[in-house]
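Q: Okay, handing you the structure first.
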Amino acid sequence: MFGRLLLILGMVWSPGLAASGQTGAEVAPEAQRPVMRPEMPPTARPDIPAVGDQPFVEKPGVEPDPPAWQALTESDASYLSCLFGLTMLGVRYTRLDPLTSPEDRDCGIARPLNVTALQPGVGIAGGATMRCATVRQLALWLRDEAVPVVRHLPGAPAITGIVPGSTYQCRARVGDGGEKLSEHALGNAFDIAALKLSDGSELTISPRNGSGDMREAVQKAMRHGACLYFTTVLGPGSDAAHDDHLHFDIAARRGGWRICD
Ligand SMILES: [Zn+2]
């Protein structure tokens, strides 16, 4: 009798069991307890990284600019076309391995040439290292401007050689506070200190303002003619650093801007 009373009380306090129609005597004790799952250590769960061990996420960053010399690398087609042009102009050259400088990552030439003559019979004393496009413009200037202009000197001499100033050189621009890279550091520039002539004399580049002779006229005509072939032409009178040579370069500027000084 007492046991039956306990059973009735149990049904009253367990509505779920009453609704299912099960009696307390029919429910296994294990089924009433929550299932205990073994706890995995944090590091063993691949979906939840442990504190202090967050996965590395590469943030999208800004790619650094390529070195200035690398950005000027010619395409194969452009390079081969340029070399063909040099051959047609009679330029003597050898191809060199790429040039870079440990001093400045921007200095260098991807496909440098060492030039020993700009046309048959017109050598460059000691040779000069430049990009192909610079050599081509020099050879065109020599053939179409310098050679015919120099013929106006007494005795109509030919040009037999070029005495270079700076050629390839890893340095900043002169007279510019030393902040911007020189075109010489990219193989884009060539300086002419003098021309050797067939009469044995030299036409040395120097200030000739007002001398009133044919040498002044020839120097100025060669220099201004160079403005058609180079984007920068400097010389005596431009600044003190250019009083003893002509500076020619093929720097590319926005809008095709040229400096013809
Ligand atoms: Zn120069």
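Q: Any idea of ILE162's accessible area? Nearest 10 Å², probe 1.4 Å.
A: Probe radius 1.4 Å; accessible area of ILE162 about 0 Å².
Q: Here's another thing I want to ask about it. As a test of reading the structure, rank ARG92, ARG254 by solvent-accessible area (1.4 Å probe, protein chains only), most first.
A: ARG254, ARG92
Q: Let me ask another. In square angstrom, rounded to the nearest 10, how much accessible surface does TYR168 have for a 1.4 Å probe?
A: The accessible area of TYR168 comes to roughly 50 Å².
Q: Provide the per residue accessible area, probe 1.4 Å, for segment 56-118, rounded to a whole number of square angstrom.
A: I get 69 Å² per residue for this part.
Q: Based on the Cβ-Cβ distance of GLU179 and GLU216, what FRET efficiency does E = 1/(1 + (r/R0)^6) give at R0 = 45 Å, to the nearest 0.05?
A: Result of the calculation: an efficiency of 0.85.
Q: For SER198, put the label point 7 Å out on the Cα→Cβ axis and report which residues of segment 94-134 keep their amide N under 15 Å from it.
A: Within reach of a label on SER198, which here means backbone N under 15 Å from a point 7 Å along Cα→Cβ, segment 94-134 contributes 119-123.
Q: Still on this structure, please answer the following. Of HIS247, HIS152, which has the most accessible area and how do the rest follow, probe 1.4 Å?
A: Largest accessible area first, the list is HIS152, HIS247.
Q: Which residue, chosen from HIS184, GLN70, ALA241, occupies the Cα position most advanced towards the positive end of the dipole of segment 69-260, where the dipole is computed from +1 (Lys, Arg) and -1 (Asp, Glu) charges on Cβ about the Cα centre?
A: GLN70
Q: Might you report the magnitude of the Cβ-based charge dipole of segment 69-260 about its Cα centre, with Lys and Arg at +1 and Asp and Glu at -1, to the nearest 20 debye?
A: For this selection, approximately 420 debye.
Q: Same structure, new question: Rounded to the nearest percent, how much of the accessible area of segment 69-260 (1.4 Å probe, protein heavy atoms only) is carbon and sulfur?
A: Summing carbon and sulfur atoms, their accessible area is 52 percent of the total for segment 69-260.
Q: While we're on this one: Shape verdict for segment 69-260, please, from the Cα gyration tensor: rounded (a/c under 1.5), prolate (a/b greater than b/c) or oblate.
A: oblate
Q: Ignoring ligands, DNA and RNA, how do VAL174, VAL135, VAL163 rank by accessible area with a 1.4 Å probe, largest first?
A: VAL174, VAL163, VAL135
The values are calculated or read from the model by the stated rules, or taken from the named source; none is laboratory data. From a predicted model like this one, the values you see are computed outputs, not experimental measurements. Cβ: placed from backbone, ideal geometry, glycine included. Neighbour counts: every protein chain shown. Keep in mind that these areas ignore ligands, DNA and RNA; they rest on the heavy atoms of the full protein, side chains included. Shrake-Rupley method; radii C 1.70, N 1.55, O 1.52, S 1.80 Å.
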